Each structure stands twice: as structure tokens, then as C-alpha cells.
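Heads up: the structure comes next, in C-alpha cells.
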Amino acid sequence: MKQMLFVMNPYAGTRRANRYLPEIISIFNRAGYRVTVHMTDGPGDCCRTVAEQAAGMDTVVCAGGDGTLNEAINGLLSAGLDIPLGYIPCGSTNDFAASLKLSTDILKAATDIIEGVPEWYDVG
């Protein structure tokens with residue numbers, strides 16, 4: 001079974017993603033993932049969690065705003081990991097998601113992660 005680390009910022013935006021957590025996890029489970037869930041508890045927690053727990057995972061998914069995505073990327077980089085990262089945008093502005101035309105519909109974004117084709121981006 002494939003392994004996924006799912007890190008969610010429960011305070012992002014209007015906290016609307018919290019209502020969809022069971023459905024999000026179900027989408028990933030039906031796609032064959034055993035999901036380890038971590039709810040962040042403050043600034044820096046996503047970065048630390050990804051750096052400490054992503055090794056051995058097949059993919060990492062973060063749900064939150066641009067700050068959560070930034071922390072997930074930095075967690076992977078600081079641990080020297082080359083693992084696909086999925087993003088469920090549910091922050092206040094979601095500038096990164098808008099620039100890439102990612103869906104801000106939470107369940108569609110989760111489905112897109114499973115059904116989509118990974119794309120490479122330079123993090124600079």
C-alpha cells in the first residue's frame with residue numbers, strides 16, 4: 001500500500017477544509033493510500049512535521065494557504081527529500097493556486113492530486 005503524509009492547517013482561511021476532512025481522506029484511501037494525518041498547531045509546525053515524517057512516504061499533501069504550502073516545501077527541502085507534493089488550497093487568498101490555475105474546490109483539488117499528472121516546478 002502506498003504511504004501519504006497529509007498535513008493540514010485547520011486554521012487556514014475560513015476553516016472550511018475542516019468540514020471535508022473525512023471526504024478528503026476517503027478520496028486518498030480509495031486511491032490506495034494509507035494516510036498519516038497531522039493537523040498543524042502553529043507557525044513552523046508544518047515544516048517540522050514534513051521534515052521529520054516525510055521520509056519513506058510516497059507523497060506528501062498539504063492543505064492550507066500559501067504559508068502552509070511554503071512550509072511543506074521547506075520541510076521537504078530541509079530534509080533533502082525528493083517526494084511529490086500535492087496541494088489543497090484552502091487559505092484566504094491562495095495566490096500560488098491561482099497562478100497555476102489549481103482548483104480551490106477542496107474535494108476537486110484532492111481528486112486532482114490522485115488523478116492528475118505530476119508537474120515539476122523550480123522552487124528557486
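So what is the calculated 222 nm ellipticity per residue for the chain, using -39500 (n - 2.57) for each DSSP H run with n of 4 or more, over all residues, to the nearest 500 deg cm²/dmol?
When only DSSP H runs of four or more count, the value is -11000 deg cm²/dmol.
Over the residues of the range 31-102, compute the C-alpha Rg and express it relative to 2.2 N^0.38 Å.
1.06
Regarding the range 66-124, what's the average projected area of the Cα-atom convex hull, expressed in nm²?
Dividing the Cα hull surface by four gives the mean projection, 4.2 nm².
Percent relative contact order of the range 1-99, based on C-alpha pairs within less than 8 angstrom and at least six residues apart?
36 percent
I need the P(r) histogram for the chain: all alpha carbon pairs, bin width 5 Å from 0 out to the longest distance, whole percents.
Each 5 Å bin holds this share of Cα pairs: 2, 12, 24, 26, 23, 11, 1.
Quickly work out the Asp82-to-Asp58 label distance, labels modelled 7 Å from Cα along the C-beta direction, and quote it in nm with one decimal.
The modelled label-to-label distance comes out at 2.0 nm.
Quick check on the range 1-47: take the gyration tensor over C-alpha atoms, sort the square-rooted eigenvalues as a ≥ b ≥ c, and tell me if it's rounded (a/c under 1.5), prolate or oblate.
oblate
Values quoted throughout were computed directly from the atomic coordinates according to the rules given, and no laboratory measurement underlies them. What you are looking at is a predicted structure, and each value in this text was computed from that prediction instead of being measured. All Cβ positions, even for glycine, are placed from backbone atoms using ideal geometry, and neighbour counts span all protein chains on display.
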